[in-house]
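Below you'll find the structure, written out as structure tokens, and then a few comments.
Derivation of every value follows stated rules applied to the coordinates shown; laboratory data play no part. The shown structure was predicted, so the numbers you read here are calculated from the model rather than taken from an experiment. Methodologically, a virtual Cβ is constructed for each residue, glycine included, from the backbone with ideal geometry; neighbour enumeration extends over all protein chains shown.
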Amino acid sequence: MTAATWPAPPPAAEAHAALVGIVGAEHVRVERSALAAASRDVTENPEGHAEAVVAPAGAGEVAALLAWANEHRVPVTPVVANQNLGGLALPVHGGVVCDLRRLDRIVTHDAEAGYVVVEPGVTFGMLATYLDENLPDRTYSWSFSPPETSVLANALLDGLGTMSNKFGSQGLWINGLEVVLADGTTAHTGAWAVSDVAFGRAPLPDLTGLFVNFQGSTGIATKAALQLAPKLAHTTRRVVLARDLESAFALMRTLGRCTTFDDVAAMTWPVAKLLFGAESGLVRDPDEPEAMVVVDVSANTPKEMEGKLDVLATLRRDAVSAGHGLDKAFDMEHLVRLVPRYAPLARMPTTLDFMLDHPGGGLTWVGTYGPTSRWEEGAREGCRILDAAGFPPIVVTRPMATGHYGVLRFICLFDRDDPADVERTRRTMVAVATAMIERGYIPYKTPSYAVDLLLERADPGFTELLGTVKRALDPNGIMNPGRWGFGPPG
Ligand SMILES: Cc1cc2nc3c(=O)[nH]c(=O)nc-3n(C[C@H](O)[C@H](O)[C@H](O)COP(=O)(O)OP(=O)(O)OC[C@H]3O[C@@H](n4cnc5c(N)ncnc54)[C@H](O)[C@@H]3O)c2cc1C
């Protein structure tokens, strides 16, 4: 640790001693390999420079760490698995990386109110095991992110999962938070602020939103009460192959709105080839479907399931009658029996190895939420930009909240050890984000290049209010500086 690079030093030795005093010597890491690992992720976003990686054990240690950092104007970047794919946990202004993986307790659940209280280090894998063992009639909206990623961070980032069509983005699943603010004070949000049962956000002023999508720049959540969904006795995942993206969108629109299905998502043809182990030179045969629509269905009884599958068959037939190219739906399990390499698409949580385990290991995306009225136009333009830059057109899309809005996510795999490839990826991501913003789509898990593009166009009143909130909650600017356009500690 070098004193010169602390923004307003306490001298390195003094800082180190203070951190050791808070979390213990074995949980303060300053060796080169640990700092390098915390300063980099799998994306094209510029590396940061951590000066210490500190792993607190509970809310009390988080509070003591923030109080110390606030007093000394030291940046603090919270992180769990660092797999957000937006560069959001990179310590761009140095300081301390706060590794939250030791806060890994599933504190309690309330079966009657249908929620679970988790710490930030609880992963999708851990939650799945806990529900299997303790609440087999409840489930969660599973993200396609690796099982070792944080459920709480995903909810704070308004992520999306296997129940997004029915219930919307993950921020809405937060009933309440326990948060530590920059000065070390702790607060609860939601009904939890008053009631011992964290039953919902209503009816108090909704302060939970002060921490959703702020990317750790307003405080650190040390607990969240997260809603669970009923796990119905009968579930199936059906697949419909679509001749082209337009046919896929037509089907997704109608399936999304009919309110029958848990989730509806589509992915384009390169995903199928990558699952097969292809790495480069992907080419689509003109007879191959352009997209695969995946529909998650759950029901209380076999008869209800039959009825829901009948709705799927009818709506598909109607779309075909309207001129769309859509094959009959089939069971994902059948596909996996025929082609075992598709197994990662059939179970949740899952590991999509092909995305991370390839030469160069770079993975990034522009993921956006926006109006489904511009789905087709946005998807075609994004694919055109990817194609022009030499990337296969990997698009994942789904209706959200029964089709009130939709997702367009453009994914790029690249070689992060090749500076030219990193630069090509960076330019492409900016071009895709710009094209989407022009169409009214808004990048989620917003990387800083996309923040710049958004704030250029944002309502000045919004930008002013954003600054007012940030200054009120983090007056010295220590919380994950670099996010949402806020600079280093002042
Ligand atoms: C292959 C792959 C597939 C993915 N698929 C999906 C998908 O289908 N849906 C989806 O939504 N996401 C997906 N993701 C994105 C991502 O993995 C998830 O959003 C994930 O849950 C983030 O968890 P993390 O532990 O990596 O968070 P991190 O990257 O460690 O943190 C994310 C952000 O939250 C902040 N933060 C972390 N903890 C706290 C806290 N306690 N308080 C305040 N701020 C905090 C960090 O500073 C950072 O800004 C995918 C990622 C990969 C690699």
(message) Using only the alpha-carbon atoms, how far is helix 59-72 inclined from the longest principal axis of the chain? Give it as 0 to 90 degrees, nearest 10.
(response) 60 degrees
(request) Under 30 Å Cα to Cα from Lys470, which lysines show up? Leave out anything in the same chain fewer than 8 places away. (result) Lys223, Lys445
(message) Under 22 Å between alpha carbons, and skipping anything fewer than 8 positions from Lys231 in its own chain: which lysines qualify?
(response) Lys166, Lys303, Lys308
(request) Determine which residues of region 382-418 fall in the zone a paramagnetic label at Thr314 would reach in this model, i.e. backbone nitrogen under 20 Å from the point 7 Å along Cα→Cβ. (result) 402-403
(message) Report the gain in length on full extension from Ala401 to Lys328: 0.36 nm times residue separation, minus Cα-Cα distance, nm rounded to one decimal.
(response) 23.8 nm
(message) I'd like the Karplus ³J(HN,Hα) series for region 386-396: coefficients 6.51, -1.76, 1.60, θ = phi - 60°, whole numbers in Hz, and an x wherever there's a Gly or Pro.
(response) 4, 4, 4, 8, x, 9, x, x, 8, 10, 10
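Given 25 °C and 0.890 mPa s, how large is the Stokes-Einstein diffusion coefficient of the chain in µm²/s, with Rh as the Kirkwood radius over Cα pairs?
Numbers: Rh = 23.4 Å.
After rounding, the answer is 105 µm²/s.
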(message) Please report the net charge: other residues with Cβ closer than 14 Å to the Cβ of Glu119, K and R +1, D and E -1.
(response) 0
(request) For helix 419-438, report the angle its Cα long axis makes with the longest principal axis of the Cα atoms of the chain; keep it between 0 and 90° and round to the nearest 10°. (result) 70 degrees
(message) What percent of all Cα-Cα pairs in region 335-425 falls into each 5 Å bin, going from 0 up to the bin containing the maximum distance?
(response) 3, 12, 17, 18, 18, 18, 11, 3, 0
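What does the convex hull of the Cα atoms come to per residue for region 106-230, in Å³? Can you show the working numbers first?
Working: hull volume 12.4 nm³, N = 125.
Given the Cα convex hull of region 106-230, per-residue volume reads 100 Å³.
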(message) If you average the C-alpha positions of region 284-340 and of region 457-487 separately, how far apart do those two centres end up, in angstrom?
(response) 45 Å
(request) Calculate for the chain the 222 nm mean residue ellipticity that helices alone would give, adding -39,500 (n - 2.57) per DSSP H run of length 4 or more and normalising by residue count, nearest 500 deg cm²/dmol. (result) -10000 deg cm²/dmol
(request) Working from Cα positions, state the angle (0 to 90°, nearest 10) between the long axis of helix 245-257 and the longest principal axis of the chain. (result) 80 degrees
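Regarding region 219-280, what is the average projected area of its C-alpha convex hull, in nm²?
Working: hull surface 34.4 nm².
Mean projected area of the Cα convex hull: 8.6 nm².
From the C-alpha coordinates alone, can you work out the Kirkwood hydrodynamic radius of region 346-392, in Å? Each step should come with its number before you reach the end.
Details: mean 1/r = 0.0754 Å⁻¹.
About 13.3 Å for region 346-392.
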(message) Students often check this: by mean Cβ neighbours within 10 Å, which of 173-181, 27-35 ranks highest, and how do the rest follow?
(response) 173-181, 27-35
(message) If I model region 3-102 as equal point scatterers sitting on the Cα atoms and use the Debye formula, what is log10 I(q)/I(0) at q = 0.15, 0.20, 0.22 Å⁻¹?
(response) -0.53, -0.96, -1.15
(message) Could you derive backbone 3J(HN,Hα) for region 217-233 from the dihedral phi with the Karplus parameters 6.51, -1.76 and 1.60 (θ = phi - 60°), listing whole Hz in sequence and x where the residue is Gly or Pro?
(response) 8, 10, x, 10, 7, 9, 8, 9, 8, 10, 5, 10, 10, x, 9, 6, 5
(request) Return the distance in nm (one decimal) between the two label points of a simple spin-label model at Arg347 and Leu232, each offset 7 Å from Cα along Cα→Cβ. (result) 2.4 nm
(message) Can you order the peptides 230-237, 474-481, 458-465, 433-440 by their average number of other Cβ atoms within 10 Å per residue, highest first?
(response) 474-481, 433-440, 230-237, 458-465
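For region 439-481, compute Rg over Rh where Rg is the Cα radius of gyration and Rh is the Kirkwood radius from the inverse mean 1/r over Cα pairs.
Details: Rg = 11.7 Å, Rh = 11.7 Å.
Here Rg/Rh amounts to 1.01.
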